[in-house]
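The structure under discussion appears below in the form of structure tokens.
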Amino acid sequence: MENRAAGDDGFADDEFVVNIENVSGKVDYSKLIQRFGSEPIMPGLVERIERLTGRPAHPFLSRGFFFSHRELDKLLDAYEGGRKFYLYTGRGPSTDSMHLGHLIPFIFCKYLQDAFDVPVVIQMTDDEKYLYKQVNLESLRQYTIENVRDIIACGFDVNKTFIFSNLEYIQHLYPNVLRIQKNVTVNQVRAIFGVNDSSNIGKVSFSAIQAAPSFASSFPQVFEGCQNMLCLIPCGIDQDPYFLMTRDVAPRLGSPKPHLIHSKFLPALQGMDKKMSSSVEESAIFLTDSEARIREKVMKYAFSGGQSTISDHRRLGADLNVDISYQYLSFFLEDEKELQRIRAEYSSGKMLTVEVKKILVGLISELVRRHQAARSGISDDLVREFMSVRKLNLSAP
Ligand code: TRP
């Protein structure tokens, strides 16, 4: 094992928890890197990606939202040596309305797909949500399709992207699922995922199903003729335990370890100590929210790092580290100069919270509006095509 991950009862002395079932408290991301034993993304690595792709890094990367990795440098070495790779990410379709935070890995994946010209596979873990939540399989099938529409709306290339529901694709994954199951013990699963003797047995073995797409051989038709591709997984850092297990088991399967790039969590409107959550309506901007609703939520709930009186604010300025509107702008406002201006004027007290909130409302409303427009143009046929088992176009354009 490279390092232990946070099980259910681990690290009680720290103020925050990050594991596959729970994220809570104000996450200290440098501490998390130490806990998980991953590596921080340094500016040199970002520059190297810019050099290799011949385009500026996505702001999620250059501004540190994707902040940690496992052997991304080695993947780039292999890529430079002519080795191909694919991207693997996924989503647990636990609801039919996704929020802004859910979109981040997909926006980032789409950037990587374009920048490196690589295929993408996206796993919809309807099975996982069935095992972990109170929801029936019929609703999950519906959520999967609705979520897939949101994912496609991020702009993926249908010739290079395969999206699959575990309930439907499981037969193809099964040979690798079995190989993984045979090579991982209950003790390991207990240590990594915090399952215990009263967990349902589906939870004990589910990790093998999330691990399997990390190996190109799980896609015999989709990657026909390209079975030796390496795998890069962009994911929220809470998903790391799955892939720590996968990397551990890979050599026993005679397969290369997947490479990882981890993101932070999008904080809730209420502040940096919570993450955006679909179960708390006011914490999140949903992809179905109207402009009026977005304005209301931002104005009412977005935690302000500004001072409580205008004269104090002019004198002291805002604390940008806790200011949610500024934090969101730093993720979604691509214009670097404009962001710098806001940073300077808001932190010095020249700008007021309400002015920053207005900018945020405009930006997010436009993003959501564009998303909705893209989504409404997606036909049932296109959804079926993305989800059909077929050979992807793996050659360079
Ligand atoms: N378990 C993830 C979730 O609940 C979904 C998922 C499956 C995933 N495979 C993945 C996420 C690979 C990131 C990378 O959302």
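The values are calculated or read from the model by the stated rules, or taken from the named source; none is laboratory data. Every value quoted in this text rests on a predicted model; they were computed, and no experiment measured them. No Cβ is skipped: glycine too gets one built from the backbone with ideal geometry, and neighbour counts run over all protein chains shown. SASA here: full protein model, heavy atoms, side chains in, ligands and nucleic acids out. Shrake-Rupley method; radii C 1.70, N 1.55, O 1.52, S 1.80 Å.
Can you put 29, 88, 174 in order of accessible area, largest first, using a 1.4 Å probe?
Largest accessible area first, the residues go 174, 29, 88.
Could you size up the charge dipole of the range 10-268 around its Cα centre, putting +1 on the beta carbon of Lys and Arg and -1 on that of Asp and Glu, and report it in debye to the nearest 20?
380
To the nearest 20 debye, what is the magnitude of the charge dipole of the range 147-288 about its Cα centre, counting +1 on the Cβ of each Lys and Arg and -1 on the Cβ of each Asp and Glu? Let's see the in-between values first.
Values: 12 positive and 11 negative charges, 95 e Å.
About 460 debye.
Could you do me a favour and compute the accessible area per residue for the chain, 1.4 Å probe, result in Å²? Don't jump to the answer; show the numbers that get you there.
On the way: 17140 Å² over 397 residues.
With all protein chains present, the chain gives 43 Å² per residue.
Which one, 194, 332, 292, projects farthest toward the positive side of the charge dipole computed for the chain from Cβ point charges (K/R +1, D/E -1)?
Farthest towards the positive end: 332.
Using the Cα centre of the range 277-376 as the reference point, and only Cβ charges (+1 on K/R, -1 on D/E), how large is the resulting charge dipole? Debye, rounded to the nearest 20. List each step's numbers first, then the result.
On the way: 15 positive and 15 negative charges, 37 e Å.
The dipole magnitude comes to about 180 debye.
Give me the percent relative contact order of the range 277-376, please, defined on Cα pairs under 8 angstrom at least 6 residues apart.
On the way: 102 pairs, mean separation 30.2, N = 100.
Relative contact order, the range 277-376: 30 percent.
Using θ = phi - 60° and the Karplus relation 6.51 cos²θ - 1.76 cosθ + 1.60, list the HN-Hα couplings for the range 299-307 in order, rounded to whole Hz, with x at every Gly or Pro.
Along the range 299-307, the couplings run 5, 7, 10, 4, 4, 9, x, x, 7 Hz.
Got the relative contact order for the range 137-267 handy, in percent, Cα pairs under 8 Å and 6 or more residues apart? Don't skip to the answer; put the middle values down first.
On the way: 109 pairs, mean separation 28.4, N = 131.
After rounding, I find 22 percent.
Given the Cα-Cα distance of residue 388 and residue 171 and 0.36 nm per residue of separation, how much length would full extension add, in nm?
Values: separation 217, 0.36 × 217 = 78.12 nm, distance 1.39 nm.
Between residue 388 and residue 171, full extension yields 76.7 nm more.
Using a 1.4 Å probe and counting only protein heavy atoms, arrange 361, 135 so the residue with the most accessible area comes first.
On the way: 361 5, 135 30 Å².
Result of the area sort, largest leading: 135, 361.
Taking the Cα-to-Cβ direction at residue 350 and at residue 39 and moving 7 Å from each Cα, how far apart do the two end points lie in nm?
4.0
Percent relative contact order of the chain, based on C-alpha pairs within less than 8 angstrom and at least six residues apart?
Details: 630 pairs, mean separation 79.7, N = 397.
Relative CO of the chain lands at 20 percent.
Going down the table (274/350; 275/391; 274/337; 26/203; 133/297), which pairs top 32 Å between alpha carbons? Each step should come with its number before you reach the end.
On the way: 274/350 28 Å; 275/391 38 Å; 274/337 29 Å; 26/203 27 Å; 133/297 27 Å.
Result: 275/391 exceed 32 Å.
If amide H atoms are built 1.01 Å from N in the plane of the peptide, which residues on other chains or at least 5 residues away come under 5 Å of the amide H of residue 90?
123
Ignoring ligands, DNA and RNA, what percent of the 1.4 Å accessible area of the chain is carbon and sulfur? Provide the component values of the computation, followed by the final result.
Values: 8540 of 17140 Å².
On the chain, the fraction of accessible area on carbon and sulfur atoms equals 50 percent.
Between the helical axis of 240-253 and the dominant principal axis of the chain, each derived from Cα atoms, what acute angle in degrees is found, rounded to the nearest 10?
20
Projected onto the charge dipole of the chain (+1 at Lys/Arg Cβ, -1 at Asp/Glu Cβ, origin at the Cα centre), which of 271, 352, 301 gives the Cα projection farthest towards the positive end?
Going by the Cα projections, it comes out as 352.
Toward the positive end of the charge dipole of the range 10-268, about the Cα centre and with charges on Cβ (Lys, Arg +1; Asp, Glu -1), which of 180, 111, 81 goes farthest?
81
Subtracting the Cα-Cα distance from 0.36 nm times the residue separation, let me have the gained length for residue 343 to residue 288 in nm, one decimal. It would help to have the intermediate numbers written out before the result.
On the way: separation 55, 0.36 × 55 = 19.80 nm, distance 2.93 nm.
So the extension gain works out to 16.9 nm.
Using a 1.4 Å probe and ignoring any ligands, DNA or RNA, find the accessible area of residue 314 and quote it in Å² to the nearest 10.
The accessible area comes out at roughly 110 Å².
Work out how much length residue 135 to residue 185 would gain on full extension: take 0.36 nm times their residue separation and subtract the Cα-Cα distance, in nm to one decimal.
Working: separation 50, 0.36 × 50 = 18.00 nm, distance 2.84 nm.
So the extension gain works out to 15.2 nm.
Could you give the nm distance between label points at residue 159 and residue 300, where each point is 7 Å from its Cα heading toward the beta carbon?
For the pair residue 159/residue 300, the computed spacing is 4.7 nm.
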